[in-house]
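> Here's a structure for you.
Derivation of every value follows stated rules applied to the coordinates shown; laboratory data play no part. Note that this is a predicted model, so its numbers are computed, not measured. Cβ sites come from the backbone with ideal geometry, for glycine too, and all protein chains shown count toward neighbours.
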Amino acid sequence: MLLIKNAKVYAPEYVGKKDLLVCGGKIECMEDKIEDFPIACEVIDAEERILTPGFIDQHVHVTGGGGEGSFHTRTPELQLSELVKGGITTVVGLLGTDGLTRSVENLYAKVQALCEEGVSAYMLTGAYGYPSPTITGEVDRDIMFVEKVLGVKLAISDHRAPNVTESELIQLASKTRTAGMLSGKPGIVVLHMGDADAGLSPVFEALEKSMIPIKIFRPTHVNRRKGLLEEGYQLLEKGGYIDLTCGISEDFCPGGCILEAKEKGIPTEHITISSDGHGSWSKYREDGSLLEIGVSSVDALREELLYMVHELDMKLEDALPYMTSHVAEALGLQGKKGTIQKGADADLLVWDNDLKLDSYIAGGKIFMQKEKIICKGTYEK
């Protein structure tokens, strides 16, 4: 058991100074004071420190991504300590451009490995291509029968996309939704959005010509250019979701986009932020040849939170939901992840008052304390 005392708790809303008891990986209770506890347990004194839920990063290439500049540009696998340093206690792994040298089976193995190492990990089946690569041979069977699979990944409006027809997009979304209903999962179609002028028009057309609920489509990288972002705002106004990527554009950082949406009177409860960690970023010449390539970091979520609070003057309780409770709701994990409340998973971060990460707790287990990582991945030194 673990007792955290005297913490300023953001759950993510600010609830005051509290003591927190963790038992069996869950939050057992939260009180103003927990005194004279009869059983010996580990104690963290969080006096003058902040306690928040752990981050949920729903877009990470846990097995590595890239490869668009040939084999030597394939990015490396994610290491557990990277999640710890970045404050990410729940991660969703997925594939990207490379659905050939990277497989969904390998992705599943990595997700299970991360779970065995102590964090919470889920995955999407599919990749950029269509028909989607799967474990069982069908997208809906993956969602139905593979516990960790929450939905499917697909690319649209991109020069690397498979250019699915409107009918194919509708059929994929319908199968995904039905499998989600049958399995009690979100059953989502996560759409990598590229720079093509088509933007979100395939989604709007699919919605117009079918009865698929708008929440099934989850476009990501929506902040990569102004026109696409404006279409994302339209999707929000209709009740849809959009995901903003950290570091994708200096002009359209996630925090700035959120403030703009608020100024326009657009609801932001369905906005989430992700890192695209371990995916490659790339720039291309007009003729389509590769100009520059690099790799993204999962630490981008933590850096974005600092930017939102310190540079954009957002209150901590206003910035946190976009990487905690909003993401939990979007993934069907509300009440379990992204919150500090009785019965929720004990995925917790302790910060100093300048938002320097002090301690990391996942499933009630301490992985980092006083800025020192004390529990690393299996083969990390």
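> Taking N as the number of residues in the range 46-184, what is its alpha-carbon radius of gyration divided by 2.2 N^0.38 Å?
1.14
> Have a look at TYR108, TYR360, TYR284 and tell me which one the Gaussian network model of the chain (Cα, springs below 10 Å) gives the largest fluctuation.
TYR284
> With N set to the number of residues, divide the alpha-carbon radius of gyration of the range 184-335 by 2.2 N^0.38 Å and report two decimals.
1.05
> Oh, and also: Exceeding 29 Å between C-alpha atoms, which entries from my cross-link table qualify? They are LYS33/LYS365; LYS8/LYS365; LYS175/LYS315; LYS18/LYS153; LYS85/LYS175.
LYS175/LYS315; LYS18/LYS153; LYS85/LYS175
> Something else: Near SER274, within a Cβ-to-Cβ distance under 9 Å, what is the net charge of the other residues, with Lys and Arg +1 and Asp and Glu -1?
On the way: positive: none; negative: ASP57, ASP243, ASP276.
Spelling it out: positives minus negatives among the neighbours equals -3.
> How much of the pair distance distribution for the chain lies past 30 Å, counting alpha-carbon pairs only, in percent?
Counting pairs separated by more than 30 Å, the tail of P(r) holds 37 percent.
> I've got another one for you. Restricting the count to DSSP beta bridges whose residues both fall in the chain, what percent are antiparallel, rounded to a multiple of 5?
About 45 percent, rounded to the nearest 5.
> Okay, next question. For the range 117-208, take N as its residue count and report Rg(C-alpha) divided by 2.2 N^0.38 Å.
1.09
> To continue, here is another question. Can you give the percent of C-alpha pairs in the range 1-89 whose distance is more than 22 Å?
46
> To make sure I understand the rule: partners must be aspartates and glutamates, Cα under 12 Å from the Cα of LYS209, and not fewer than 8 residues away in the same chain. Which ones qualify?
Candidates past the 8-residue exclusion: GLU166.
> Would you mind putting 146-153, 210-217 in packing order, based on average other-beta-carbon counts within 10 Å, highest first?
Descending packing order for the listed peptides: 146-153, 210-217.
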